[in-house]
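In what follows, a single structure is set out as structure tokens and then discussed.
Derivation of every value follows stated rules applied to the coordinates shown; laboratory data play no part. Quick caveat: nothing in here was measured; it's all calculated off a predicted structure. Here Cβ is always computed from backbone atoms with ideal geometry, including for glycine, and neighbour counts include all displayed protein chains.
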């Protein structure tokens, strides 16, 4: 039978984000969700649902490739994702990714060899290390539960493991009061949340930030591309101010610490220190992916257009068009995207377009005010005007003398030939609208430029998309385009 061009998969049990999502045919063995966050692929005689991090969330019962996943019987929902090998030099947890069992440290993996009709263990260079013997020769991943090794190494016990964090239930949010309720206790601050619609936050006159240094947000929040409109916070004597006051903490490796696909629009936020629309303080390797903000913020120290102080945090594919203003005098670390980037933090493929009015503040940057320790910043730009008292730069304002950062392929946009920055390269407004001037940037599947200057005034904007295979249309919808 011919595979359908568009399908909707629904009715699955288990917790994953792909249910009731429209998928389109990308190849005879692959479907993609229209937001590109999920895909369905045919592997080892099953249809498998996989997220953008290559984690498997569901597998169908064995079926022929000619059966559409919409019509397949979905018999396995995870977690049934891991095995443990003991009793030999290859001891460890192996996680199933849809077509192989991969060692948790990625040193080795177990894969089905169709020619030899057996499971085989390889190192990362694809050298065969050992083979599995199973009671029945089958590529079904379940067949190796309880299997034993042959040759060379000693007897092995294989056990099925289930990780409780993969059974966490996502809570849907549809109004401002439900968003505010996340801060109620440490239990609620460790939950997983999905935004189910655009939410007008104006019903809460003075929002209380979710989490602080004593009780940070440790769960996950997926905005799913919906907007949080009119977020208002007015707390002039409060530190760690934003939708999330503090995101992540040391010792929280078992928790998500993830905020993604959040669109804050028309915010008006005032705080004291560590102030930003998404999170005033980010640490503990917390992640902020595919988020954006517009509006204005005001604060004193460590304030940024999207994120405040990044102690050990990571941002991917984010942008801010937020005007940043410093109140009072004698302050520092002010940026159009983030206040500072420290330790092992990383910022990749992000930009800032708001103006930064630092007053007499020090360490002021159009993108980041302060760079210290060993962070990484790649493929970012700033397009607003940064002004301040001392150590002012149009991309970054200051780098600590002992810092050893990696900052590459970054730019600030200005027609002022005298403008300066500690890092980055200046592009004129005309140069900034030509993709050829952005060394090392991906304008095929990640960035884009609108030659009509309708989108983002002709400057680069984030537009993640897949390059379609031959014979299939490039159907996609970007969650990141400025709108």
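Observations, loosely collected:
- Placing a pseudo-label 7 Å from each Cα along the Cα-to-Cβ vector at residue 404 and residue 236 gives an inter-label distance of 4.5 nm.
- Chain lengthening between residue 360 and residue 439 when straightened (0.36 nm per residue, less Cα-Cα): 25.0 nm
- Our estimate of slack between residue 214 and residue 61, defined as 0.36 nm per intervening residue step minus the Cα-Cα distance, is 50.4 nm.
- Per residue, the convex hull volume that the Cα atoms of segment 240-389 enclose (Å³): 81 Å³
- Of 269, 334, the sequence from fewest to most neighbouring Cβ atoms within 10 angstrom is 269, 334.
- 10 Å binning of all Cα-Cα separations within segment 184-245, expressed as whole percents from 0 upward: 21, 48, 30, 1
- Rounded to 0.05, the FRET efficiency of the residue 454 and residue 205 pair, given R0 = 56 Å and the Cβ-Cβ distance, is 0.95.
- Sorted peptide list for 237-244, 371-378, criterion being average Cβ within 10 angstrom, highest first: 237-244, 371-378
- Extending 7 Å from the Cα toward the beta-carbon at both residue 84 and residue 417 defines two label points whose distance is 6.8 nm.
- If R0 is taken as 30 Å, the Cβ-Cβ distance between residue 170 and residue 70 corresponds to a FRET efficiency of 0.85.
- Distance from segment 427-462 to segment 354-392 (C-alpha centre basis), Å: 21 Å
- Summed over all non-identical Cα pairs, the Kirkwood treatment of segment 386-464 gives a radius of 14.0 Å.
- At an R0 of 30 angstrom, the distance between the Cβ atoms of residue 431 and residue 188 translates into a FRET efficiency of 0.05.
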